Amino acid sequence: MTEFVGNPLFASGGITIFEVMNELAIKHKAINLGQGAPDEDGPADIREAAAKSLTDLSNQYPPLAGVPELLQAVADHNKRFYGIEVDPKKEVLVSVGATEGLADVILGLVAPGDEVILIEPLYDSYLPMVKLAGGIPKLVRVTPPEWELPREELEAAFSEKTKLILLNSPQNPCSKVYREDELQFIADLCIKHDVIALCDEVYEHLVFDGRKHTPLMTFPGMHERTVRIGSAGKTFSLTGWKIGYITACAKLMEPIKKAHQFLVFTVSPALQHGVAFGLNKDDAYFENFTAEMEAKRDYLMKGLKEVGFDVLDSQGTYFITCDFRPLGYDCDDVEFCQIMIKEAGVVAIPVSAFYQGEDGGVRHFVRFCFCKDEAKMDEAIARMKKAFAK
């Protein structure tokens, strides 16, 4: 038998940076402030609604698109928060987390040879999915400390071959919330070049300091060319449930559903019923959720500043980006993260892991996650203060 060789797209890559750091955290008994997983489970009433569904309702295959209750809840959520009118029967799809939803959209809409614009820093599934679909990635960067959209570079990335642009706002890991003028600039380019916008909006309810999340889908001329993805995992702190939801016009949704049917076909019905209950909660839940996460952000930012990091603004998401050079280290971010695990017993993620190719001035930044309990953050700060004391 000849030597077995897997798909080169996956065989040539390593395991994700998150898994690498998780394994190091276990090995060194370190406090993990790297992975974006909350320490506390989501609301008890949402979990109880799912449990009740598990015992009282069918556990057989639900419809491909999702249970009617969740499809309606997603449509109602779009209308309530953003004024977006959608047909729940034709324009909503439930996926196994936002990651599978992204795969559905990319595999359903991108043909071999199509160009896809990606804005770095990138969530780790974006690039492999584009390549798996045969798409040609065109990378444009936002970089620290300001994370400003490079408009000339972005405009130059569009061409007659551009099929899709993928926008993550609020953006992981840089915590950037795109301003309305930036979103309008992107919308104008999409309309000019007849391009679809895939919007990863999983952190839509994690926007801080009085800012408001504005979906690109709400801009004039964008409803029919935008695909919007949300996540129950992020909105209800139930990341293990892996329930995402896609909103798109019927024309775009048709090929997206066809990709979904051959990837997973459908999604756990009990969890869908739980999420439907959650999306129907009153405004107070969403307001309190945002306020609680903002308080956690402030708590960890204060501690990181006391350690001596240069702490960048965190406008949304679970994450805080820090420059570690004020601590006296002149290494790259990967080495610094390894030093921090071994000497301080704390895990962060190197920001360069979210970029491709050349340094670009990002290799002295690390990302911390603040969706953790205060005792854990306190201990992490104490450990770093001790390890990095001048």
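The values are calculated or read from the model by the stated rules, or taken from the named source; none is laboratory data. What you see is a predicted model, and the numbers here were worked out from it, not measured in a lab. Backbone-built Cβ (ideal geometry, glycine too); neighbour counts: all protein chains shown. Quick note on the areas: whole protein, heavy atoms, side chains included, nothing else; ligands and nucleic acids left out. Shrake-Rupley method; radii C 1.70, N 1.55, O 1.52, S 1.80 Å.
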Open item on the list: What are the pairs with Cβ atoms under 7 angstrom where one residue, in region 339-361, is in contact (Cβ under 8 Å) with a residue 40 or more places away in the chain and the other, located anywhere, is buried (at least 22 other Cβ atoms within 10 Å of the Cβ) and among the aromatic types (Phe, Trp, Tyr)? Sequence gap at least six, or different chains.
Closed with: Ala348/Phe368; Val351/Phe365
TODO: Would you mention how many residues in region 276-305 are assigned to a helix (DSSP H, G or I), in contact (Cβ under 8 Å) with a residue 60 or more places away in the chain and open to solvent by 80 Å² or more (accessible area, probe 1.4 Å)?
DONE: 2
TODO: Considering only region 147-243, give the strands (runs of 3 or more DSSP E) lying wholly within it that have at least 2 residues that are within 12 Å of the chain's Cα centre (by Cα), of a type in the set (A, V, I, L, M) and closer than 30 Å to Thr266 by Cα.
DONE: 162-168
Open item on the list: Between a residue in region 1-24 that is at pLDDT 75 or above and any residue that is open to solvent by 60 Å² or more (accessible area, probe 1.4 Å), which pairs come within a Cβ distance under 8 Å, given they are 6 or more apart or on different chains?
Closed with: Leu9/Lys131; Leu9/Leu132; Val20/Gly14; Met21/Gln35; Asn22/Gln35; Leu24/Gln338
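Within the group Leu183, Leu139, Leu132, Leu164, which residue is open to solvent by less than 10 Å² (accessible area, probe 1.4 Å) and touching a residue at least 40 places away in the same chain (Cβ under 8 Å)?
Numbers: Leu183 fails: touching a residue at least 40 places away in the same chain (Cβ under 8 Å); Leu139 fails: open to solvent by less than 10 Å² (accessible area, probe 1.4 Å); Leu132 fails: open to solvent by less than 10 Å² (accessible area, probe 1.4 Å).
Leu164 is the lone residue from the list that is open to solvent by less than 10 Å² (accessible area, probe 1.4 Å) and touching a residue at least 40 places away in the same chain (Cβ under 8 Å).
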Task: Checking Pro326 against (1) surrounded by fewer than 16 Cβ atoms within 10 Å (Cβ to Cβ); (2) more than 23 Å from the chain's Cα centre (by Cα); (3) within 22 Å of Pro121 (Cα to Cα), the condition it does not meet - done: (3)
- [ ] Six or more apart or on different chains, Cβ under 8 Å: which pairs go from a residue in region 190-207 that's surrounded by fewer than 21 Cβ atoms within 10 Å (Cβ to Cβ) to one that's acidic (Asp, Glu)? Could you list them?
- [x] His193/Glu160
Open item on the list: Tell me the residue from Lys29, Lys52, Lys90 that is over 20 Å from Met253 (Cα atoms), basic (Lys, Arg) and either under 24 Å from the mean Cα position of the chain (by Cα) or surrounded by 14 or more Cβ atoms within 10 Å (Cβ to Cβ) (or both), please.
Closed with: Lys52
Task: region 314-347, subset among the hydrophobic types (A, V, I, L, M, F, W, C) and in a helix (DSSP H, G or I), residue nearest to Thr143 (Cα to Cα) - done: Val334
- [ ] Could you list, in sequence order, all residues of region 112-127 that are open to solvent by less than 40 Å² (accessible area, probe 1.4 Å) and not hydrophobic (A, V, I, L, M, F, W, C)?
- [x] Gly113, Asp114, Glu115, Glu120, Pro121, Ser125, Tyr126
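Please work out which residue is most open to solvent (accessible area, probe 1.4 Å), limiting yourself to region 352-373 and to residues that are touching a helix residue (DSSP H, G or I) at 6+ places or on another chain (Cβ under 6 Å) and either at pLDDT 95 or above or in a loop (DSSP other than H, G, I, E, B) (or both). Quick ask: steps written out before the conclusion?
Of the residues in region 352-373, the ones touching a helix residue (DSSP H, G or I) at 6+ places or on another chain (Cβ under 6 Å) are 352-353, 362-367, 370.
After this cut, where a residue has to be either at pLDDT 95 or above or in a loop (DSSP other than H, G, I, E, B) (or both) as well, the list is 362-367, 370.
Numbers: Val362: 2, Arg363: 77, His364: 37, Phe365: 8, Val366: 0, Arg367: 2, Phe370: 0 Å².
For region 352-373, the residue satisfying everything is Arg363.
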- [ ] Those residues that are open to solvent by 50 Å² or more (accessible area, probe 1.4 Å) and either under 23 Å from the mean Cα position of the chain (by Cα) or farther than 19 Å from Thr266 by Cα (or both), I need them from region 56-82; list them, please.
- [x] Asp56, Asp76, Lys79, Arg80, Phe81
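Consider Glu379 carefully, then state whether it is open to solvent by 10 Å² or more (accessible area, probe 1.4 Å), closer than 24 Å to Pro170 by Cα and either without any contact (Cβ under 8 Å) to a residue 40 or more places away in the chain or in a helix (DSSP H, G or I) (or both).
Numbers: open to solvent by 10 Å² or more (accessible area, probe 1.4 Å): yes; closer than 24 Å to Pro170 by Cα: no; either without any contact (Cβ under 8 Å) to a residue 40 or more places away in the chain or in a helix (DSSP H, G or I) (or both): yes.
Criteria not met by Glu379.
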